[in-house]
Amino acid sequence: MKKILSGLIAALLLCLTAAGCSKSEALVLYFLTDAEPGTFDPQIVSDSTADAVVRNCFEGLVCLDDDGNVQPAAAERWEKSADGRVYTFYLRPGARWHVSATAAQELAEKLPENFAPALTAEDFRFALRRALDPATGVEKAGELSNILNGAAVLAG
């Protein structure tokens with residue numbers, strides 16, 4: 001716990017120090033861990049170190065609080081149909097990918113047909129479909145097969 005707290009304090013101090021830097025200088029956030037993360041791919045992360053890093057870089061539609069209760073995250077609210085088979089999520093207004101202006105410009109130039117800084121339902125559809133794609137190699141992809149057409153996507 002002391003290592004984590006020390007790491008967070010160091011990161012905060014680094015951020016505060018970097019706040020005065022010119023816009024042309026890159027800002028770096030150091031994330032202290034006990035081991036090397038296996039991957040930063042949010043769909044296939046399996047070790048606890050990578051999981052901690054990924055959870056601090058990506059946000060799902062919902063999250064769990066300290067007591068294990070489902071709380072809003074990228075979705076400000078959701079509705080469940082009477083039969084419990086359809087969930088409709090409403091994204092937070094103004095939710096955006098957190099990228100620098102320079103990175104946003106570069107991504108827009110390299111991927112003009114599919115990059116937008118605004119967070120959309122398509123971003124979550126893409127992530128779910130990618131998680132179900134056998135080529136991605138998600139160990140627990142079968143758990144998503146109860147989503148409408150999920151089993152067909154999982155089967156290829």
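Roughly speaking, what is the stretch gain from T120 to Y87, that is 0.36 nm per residue apart minus the C-alpha to C-alpha distance, in nm to one decimal?
Extra length from T120 to Y87 when fully extended: 10.3 nm.
Separation between the A52 and A95 pseudo-spin-labels, each 7 Å from Cα along Cα→Cβ, expressed in nm?
Computed distance between label sites A52 and A95 equals 2.6 nm.
Testing the spin-label approximation: label points 7 Å from Cα along Cα→Cβ at A73 and E106. State their distance in nm.
In this crude label model, A73 to E106 measures out at 2.6 nm.
None of the figures in this text is laboratory data; all of them are computed from the coordinates on show. In this text the structure is predicted, and so the values were computed from the model without any measurement. Don't worry about glycine lacking a Cβ; one is built from the backbone with ideal geometry, like all the others, and counts go over all protein chains shown.
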